[in-house]
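Just below is one structure, and these are the notes that go with it.
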Amino acid sequence: MLLQAIYEVPEGERGKLPQGFSENSQTEGRSDKAEAIVSTAVNAAIYLNPESSPTRIALISKVFLLAWLQDDVVEFDSSGETTTAVDIIIREWPEIVTNPEINLTSPTTISASIAHELICESPVLGREVMKGLLAFIFSQPRKEFSGFRDFLDYRAVNVAAELSPGESSVLDKFLQLAYDHLLLVNDLYSFEKEKREFEEQGATISNAVYYLESTLSVHPNTAKLVALDVIHQTEAQLSAEFSKLRSNGLSQQQLKYACAILECTAGNIVYSLTAKREDYLLG
């Protein structure tokens, strides 16, 4: 297990873990928060990728876990000077993603071990996933945006990594709508938790509902209703765009990918409703 491997690294060499994590390397010594984040990563991987193989589900779970471990540290530390556990884990990745000749057959570190698993599963996609996580970790925080579209674009991640640039361009509008939906649903259901941590613990906040509340100067419940309305509009646009793409004749690979993206958006709703790390209150 990834978290177990992290615990087994000597504390002085490990980097910082999120608040509330036990330093104990034994399963029974882990905090409730540590257990919850592992469970959530696995559930998210399953809900968002229902047709993936067990091997890919396990890999996606690890990537989600790394992203959330990083996020849960840096959102409470705006200095940018803290070395996190994830910073240490991914420190070999920039060289790995740019050097296809690097030898990963006998990995001796957590970093190399995860890279080896990803690349063995898919040499191209594995490196794209690594690039995506690196981009997320090294992205520069912003506080000023020209509008809601600019905010959503700032939050966006390329979900079309598995397609070649030529194929991706055919689905650009569809993918943009899908990722808007993923972001908005996630932010709607996590808003209360994120805002509470912002107000009570000084955490940073980057949330679409909070952006709407602040820029429109409205009550939080009104901002939630606006976000919900945008989600409904986005779903209608997704349906229309999918029908248009099918009538225009997608390749088998493109159609399979588009269907997987729709499954991902639907799964994200179920995940957001059930995730322990989310806290949704409308009234």
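The values are calculated or read from the model by the stated rules, or taken from the named source; none is laboratory data. Note that this is a predicted model, so its numbers are computed, not measured. So basically every Cβ, Gly included, is an ideal-geometry build from the backbone, and we count neighbours across all protein chains shown.
Restricting the first member to the stretch 96-124 and to residues that are within 18 Å of residue 1 (Cβ to Cβ) and in the same structural domain as residue 61 (by TED's automatic domain parsing), and the second to residues that are of a type in the set (Phe, Trp, Tyr) and crowded, with 18+ Cβ neighbours inside 10 Å, the beta-carbon pairs closer than 8 Å and six or more apart or on different chains are 111/93; 115/93.
Inspect the stretch 78-85 for any residue being under 17 Å from residue 264 (Cα atoms) and either crowded, with 17+ Cβ neighbours inside 10 Å or touching a helix residue (DSSP H, G or I) at 6+ places or on another chain (Cβ under 8 Å) (or both) and give the result as yes or no. Scanning the stretch 78-85, I find no residue that is under 17 Å from residue 264 (Cα atoms) and either crowded, with 17+ Cβ neighbours inside 10 Å or touching a helix residue (DSSP H, G or I) at 6+ places or on another chain (Cβ under 8 Å) (or both), so the answer is no. All of (1) among the acidic types (Asp, Glu); (2) over 25 Å from residue 256 (Cβ atoms); (3) touching a residue at least 40 places away in the same chain (Cβ under 8 Å) hold for residue 51 with one exception: (2).
For every residue, the table says whether it meets (1) crowded, with 18+ Cβ neighbours inside 10 Å; (2) in the same structural domain as residue 271 (by TED's automatic domain parsing); (3) modelled with pLDDT of 80 or more.
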{"residue": "7", "(1), (2), (3)": "yes, no, yes"}
{"residue": "17", "(1), (2), (3)": "yes, no, yes"}
{"residue": "20", "(1), (2), (3)": "no, no, no"}
{"residue": "53", "(1), (2), (3)": "no, no, yes"}
{"residue": "65", "(1), (2), (3)": "yes, no, yes"}
{"residue": "91", "(1), (2), (3)": "no, no, yes"}
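Look at the stretch 250-266: where a residue is under 18 Å from residue 237 (Cα atoms) and a partner is surrounded by fewer than 18 Cβ atoms within 10 Å (Cβ to Cβ), sitting 6+ places away or on another chain with Cβ atoms under 6 Å, you get 263/50. Within the stretch 60-80, being under 13 Å from residue 3 (Cα atoms) and hydrophobic (A, V, I, L, M, F, W, C) holds for 63, 64, 65, 66, 67, 68, 69.
Among 203, 258, which is surrounded by 18 or more Cβ atoms within 10 Å (Cβ to Cβ) and in a loop (DSSP other than H, G, I, E, B)? None of the other options fit; the residue is 203.
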